[in-house]
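Below you'll find the structure, written out as structure tokens, and then a few comments.
The values are calculated or read from the model by the stated rules, or taken from the named source; none is laboratory data. Only a predicted model underlies this, so the values are computations on that prediction, with no experimental measurement involved. Positions of Cβ are backbone-derived with ideal geometry, glycine not excepted, and every protein chain shown enters the neighbour counts.
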Amino acid sequence: MSESYEILNTYLTNFAALTEKDITDSRPFWKPRKIKKGDFFNLQYMVCNDLGLIIKGIFRIYYSNPETGEEKNIFFFSENQFVVSFRSFVTRIACHYFIEAMEESEIIYITYRDLTSLYGTHPNWARFGRLLAEQFFSYSQTRTEELLFFSPEQRYIRLLDEHPNIINRIPAYHIASFLGITNPSLSRIRKRIQQ
């Protein structure tokens, strides 16, 4: 079995306590995919059809203002996390965001159609769907609360907790965009933390 499928099996077992049979039955639906740095997992104004588990790499979810071209980073996802525009995935409505690979990346993905098919035939996969929805609701609410209640410095520390090597992997201006601050402000925060 390839490394991608081994990582997937371990993740699914830990995430949703899926049985060996559940995972084996789902195996034909999961496909590996390599995504080059700068290429997209999903495009703005397109329905997100796939749910991917990141094997290697980091992705940013960002909004691009169609009038100004200004980009705002909303989420980062890295190894052992699912990448998806979840609202688009479940509602089948076009996504407001781009999902871009920030470095050479590898995922293993399943389509919406195949996943919903598993929901209908395997109770444990239906539980997986509920847990996935809870996880993405938690991401969304946490992000909202961080922007409302936490300082940029606190948001930066929380980002480092979730993605410890992110500062070595992507340009600082992407981190500043995610935090809602300028590059010079990010530099000051980093200096304060290093002291």
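Select from region 17-42 the residues that are surrounded by 19 or more Cβ atoms within 10 Å (Cβ to Cβ), of a type in the set (A, V, I, L, M, F, W, C) and under 18 Å from the mean Cα position of the chain (by Cα) and list them in ascending order. Passing the criteria: W30, I35, F41. Here I74, I55 are screened, and the one residue that is farther than 27 Å from N124 by Cβ and touching a strand residue (DSSP E or B) at 6+ places or on another chain (Cβ under 7 Å) is I74.
With N80, N65 as the choices, which residue is surrounded by fewer than 17 Cβ atoms within 10 Å (Cβ to Cβ) and under 11 Å from the mean Cα position of the chain (by Cα)? Going through N80, N65 in turn, just one is surrounded by fewer than 17 Cβ atoms within 10 Å (Cβ to Cβ) and under 11 Å from the mean Cα position of the chain (by Cα): N80. Those helices (runs of 4 or more DSSP H) of region 111-195 in which 3 or more residues are acidic (D, E) and either in contact (Cβ under 8 Å) with a residue 12 or more places away in the chain or out of contact with any Cys (no Cβ under 9 Å at 6 or more places or on another chain) (or both) occupy 123-149, 152-162. Among residues of region 47-75 that are over 12 Å from S177 (Cα atoms) and free of Cβ contacts under 8 Å to residues at least 60 places away in the same chain, those with a beta-carbon under 6 Å from a residue that is among the basic types (K, R) and exposed (fewer than 13 other Cβ atoms within 10 Å of the Cβ) at least six positions away or on a different chain give the pairs V47/R92. When V47, V84 are checked against the criterion of being closer than 21 Å to I175 by Cα and in contact with a Cys (Cβ under 9 Å, 6 or more places away or on another chain), V84 stands alone in meeting it. Would you confirm whether or not region 165-181 contains a residue that is surrounded by 17 or more Cβ atoms within 10 Å (Cβ to Cβ), modelled with pLDDT under 95, over 20 Å from the mean Cα position of the chain (by Cα) and not hydroxyl-bearing (S, T, Y)? Within region 165-181, one or more residues are surrounded by 17 or more Cβ atoms within 10 Å (Cβ to Cβ), modelled with pLDDT under 95, over 20 Å from the mean Cα position of the chain (by Cα) and not hydroxyl-bearing (S, T, Y). In the set (1) modelled with pLDDT of 95 or more; (2) closer than 22 Å to Q135 by Cα; (3) among the charged types (D, E, K, R), the condition left unmet by K34 is number (2).
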